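What follows draws every value from the coordinates through simple rules; no lab data is involved. As the structure is a prediction and not an experimental result, all values here were calculated from the model. Here the Cβ positions follow ideal geometry from the backbone for every residue, glycine too, while neighbour counts run over all protein chains shown.
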Amino acid sequence: MRDLNRIFYWILILPFFVHGQQVYERELIEQQINKAGNYFNQGDYARALDLSKTALKHSYRINDDYCLAHAYNAIGVIYDEFSEAKYALSFYNKALEHALKIENDSLKDWIYSNLGSVYYFNKIDVKKGIGYYKKALVYAEKIQDSTQITFGKLNIASAYFSINDFKNGVPYLKDSESFVKRRGLPEMRFTFTSLSGIYNTHIEKPQKAIELYAQAVQIAQKNKLDSFLVNAYDNIAEHYKMYHEPELEKQFRAKSVALKGQLYSQEDKEILSESATQIQMDEYRVQLDRIELENEKHIQKLQESKAVLWLGSVLGIALLVLVFTLYRSNRFRQKANAELLLANQELKIAKEKAEEASQLKTQFVSTITHELRTPLYGVVGITDMLSDEHPELKESTHLNSLKFSARYLLSLVNDILQLNKIEEKKISLEKVPFNLVDEVHIIRNSVQYIATNNNNLLEIIIDENIPERLLGDKLRLSQIIMNLTSNALKFTRDGWVKVQAQLTEVRGSVYEIQFSVQDNGVGISPNDQSKIFDMFVQVGRSDEDYQGTGLGLAIVKKLVNLFGGQIHLESTLGKGTTFTFSIGFEKADELAQEIVPELATTELSNIKILIVEDNKINQLVTQKIMDKHQIQCDMVADGFDALKILETRTYDAILMDINMPGMNGYETTKRLRAMGVKAPVIALTAFDKDEVKSEVFASGMNDIMIKPFEPNQLFEVIHKQLNNA
């Protein structure tokens, strides 16, 4: 095969980013090489060589590695065309020497490919030629040049075929097929067709091979690719030689020889030989010129030596002063470094203490919230029990106050835990499908009692263009909207509160939604607006005393920031307040939209549950919840009793407290799983879910309920686990 890269190297023109005279010189050299390429393609090799030599001289004059590499490569191409391997290798290696000094992967691709061609086509060392081809392919793939990648693969396939290694060559041929058929240049199509013919000759499909050779000849003749046509005749002659048809072999050998005689005359070869010698002489002359220039500079330096000597004395004195100054400076720096090292050690100790304090704070918050939630579960549960067992107390002010106080205290505990998690960066947003309309209406139902107490109208407006189901963290979004809405209702009397969600932009699969909560309540003074989002701040929006911890809006701001958004406030005293923020959600795909929880059809009254709980009050509350809903259950106080009763009885589900003396819920679950108990185990805990979920699931539990909880929430989890069982 003819080497494709040598033919197309002439059109390689890369931009230069330098200034002044050197820009002009480089452009001139590039024009000379490109013009030489045109002469080369026309078969006028003498003119091509003259212009390339001129370009080389100019490249030496400006001492530019890119230009030198480009010019040497161009000269090498001409000698390579006449199979003057010795000279071609010499010029290509010089081109590579200069190319490796610069960052130009395209140039390296061409030169490595040309080196591969010399070793391959001249039968010097085909395997070494393949090695150079593969280096060229690496650079072609690096610059993502599809044309050069295809040329490289065809060259490698051709080289493998020449040594009858079709096993390694065929994959490269097949890899190039798609690009050749879609965008292949004539030379590329000729090469692919010829190689396909050679392969069919090898696998003994002579008729198919001859058809492919004929197509290759037609491509070469049509596009005036005479050097490729020589190769086509040689391939056909080899084919007939293999199939023992000497007359036809002789006929195509003659065609090849005749065409070679036309293309490569003896006179041109003699010119090339003389030119090679001349190029070497020019190189020596350039080196001599450089030596003479260096001598002139040396003489000039000697003449200036007296002045330099005098100046050196002055500089010597100055140097001594400088050395002394540096010595003193170094002593001062050593002292400063020692002080800095000591300060760094103190800072390290302070940092470790701060981290230890932060860890202690986290542990304290976790422990105190757990210790508060556990009795709160009892308080909330017992108030519900009193309401159920004594209907006459449902309207009792004292009982309702007790229940409100417990829920208020629970809300405070949750706010503190939430802030701590955000500050410790332990919150990560989930991505679950949810219905925005449903979530907002759940919030509406939760805060309706505040609206009724304050005689407010609560209006919900959801843009119809918002997708029915979105993908995101619905829990965190609900927290934001719930806080803002309940705040607006508390600070508004005999008025209205409007909650609105408006689609503002669609970017690909992301739907940007602007949320706003607006009221016509008491408003916020300009002086207080700058600190409204600070922790534990309760600004006076009126003379009335509103309950609150001052944590709600601080949590809102941090959660909005967690979503990647910003919250904005507009307020006027006596006229009302508007909070606005925007969050982008992805649209849930069809599969995600179909994920809707299904309640079990089994009646809960038909199931039997084991409750493992050590706290007597919590035992009483949980037992009453089960009795109220006519659910059969057994109660045990620790893990040992749980394992003992499970040896003789079976249950549909197990409610497992985690923090128990003797044997905790994790160890109990591991042991009952080892016993072969398959019933779903639901963890009951006052710890935060994120703190325990990894250990919960690792122990073999199936789900988690955080105390205190609403009975309906517990029953939903039981339904889900029974469905999954």
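As an exercise, take the mean of 1/r over every pair of distinct alpha carbons in the range 106-190, invert it, and state the Kirkwood radius in angstroms.
12.6
Using DSSP to call loops (not H, G, I, E or B), can you name the trypsin sites (Lys or Arg not before Pro) in the range 661-725 whose Cβ has at most 16 other Cβ atoms within 10 angstrom?
678
Below 8 Å between Cα atoms, with a sequence gap of 6+, how large is the relative contact order for the range 132-235 in percent?
Computed value for the range 132-235: 19 percent relative contact order.
Please turn the phi angles of the range 319-324 into ³J(HN,Hα) values with the Karplus equation 6.51 cos²θ - 1.76 cosθ + 1.60 (θ = phi - 60°), one per residue in order, whole Hz, x for glycine and proline.
The phi angles translate into 5, 4, 4, 5, 4, 4 Hz.
If Lys and Arg each add +1 and Asp and Glu each add -1, what is the summed charge of the other residues whose beta carbon sits under 12 Å from the beta carbon of residue 140?
Within the 12 Å Cβ shell, the charges total +1.
So which of 174/205; 531/707; 86/250; 86/167 end up more than 25 Å apart, counting from Cα to Cα?
531/707; 86/250; 86/167
Given a Förster distance of 25 angstrom, what is the FRET efficiency for residue 675 paired with residue 632, based on the Cβ-Cβ distance and rounded to 0.05?
Plugging the Cβ-Cβ distance into 1/(1 + (r/R0)^6) gives 0.70.
What is the set of long-range amide H partners of residue 653 at a cut-off below 5 Å, with H atoms built 1.01 Å from backbone N?
Sorted by chain and number, the residues that satisfy this are 608, 610.
With a cut-off of at most 16 other beta carbons within 10 Å, and DSSP calling the residue loop, which GluC sites (Glu not before Pro) in the range 164-273 qualify? Please list them.
Answer by residue number: 204.
Could you please state, rounded to a whole Å, how far the C-alpha centre of the range 103-154 is from the C-alpha centre of the range 460-480?
Centre-to-centre distance over Cα atoms comes out at 57 Å.
Rank by packing, highest mean first: peptides 458-471, 574-587, with packing defined as the count of other Cβ atoms within 10 Å averaged across residues.
574-587, 458-471
If you keep only loop residues by DSSP, which chymotrypsin sites (Phe, Trp or Tyr not before Pro) in the range 146-252 have at most 16 other Cβ atoms within 10 Å of their Cβ?
Here the sparse-neighbourhood loop sites are 243.
Grab the beta carbon distance between residue 462 and residue 713, set R0 = 45 Å, and tell me the FRET efficiency rounded to 0.05.
After rounding to 0.05, the efficiency reads 0.95.
Ordered by residue, what ³J(HN,Hα) values in Hz, to whole numbers, does the range 232-239 give under the Karplus form 6.51 cos²θ - 1.76 cosθ + 1.60, where θ = phi - 60° and Gly and Pro are x?
Each residue's phi maps through the Karplus curve to give 4, 5, 4, 5, 5, 4, 5, 4 Hz.
What's the ranking of 100-112, 67-79 by average number of surrounding C-beta atoms within 10 Å, highest first?
Packing proxy ranking, top to bottom: 67-79, 100-112.
Pull up the cross-link candidates among the lysines for residue 224, meaning alpha carbon to alpha carbon under 18 Å and not fewer than 8 places away within one chain.
Of all the lysines, those that pass the test against residue 224 - Cα under 18 Å, at least 8 places apart if same chain - are 255, 260.
Do any of 693/720; 128/241; 490/587; 53/123 go past 26 Å between their Cα atoms, and which?
As for pairs spanning more than 26 Å Cα to Cα, those are 128/241; 490/587; 53/123.
Which of the lysines could be linked to residue 101 by a straight reach, that is with a Cα gap under 20 Å, when you skip same-chain ones fewer than 8 residues away?
57, 135, 142
Under a straight-distance cross-link criterion of Cα-Cα below 21 Å, which lysines are reachable from residue 351, leaving out those fewer than 8 residues away in the same chain?
Qualifying lysines at Cα under 21 Å: 361, 421, 425, 426.
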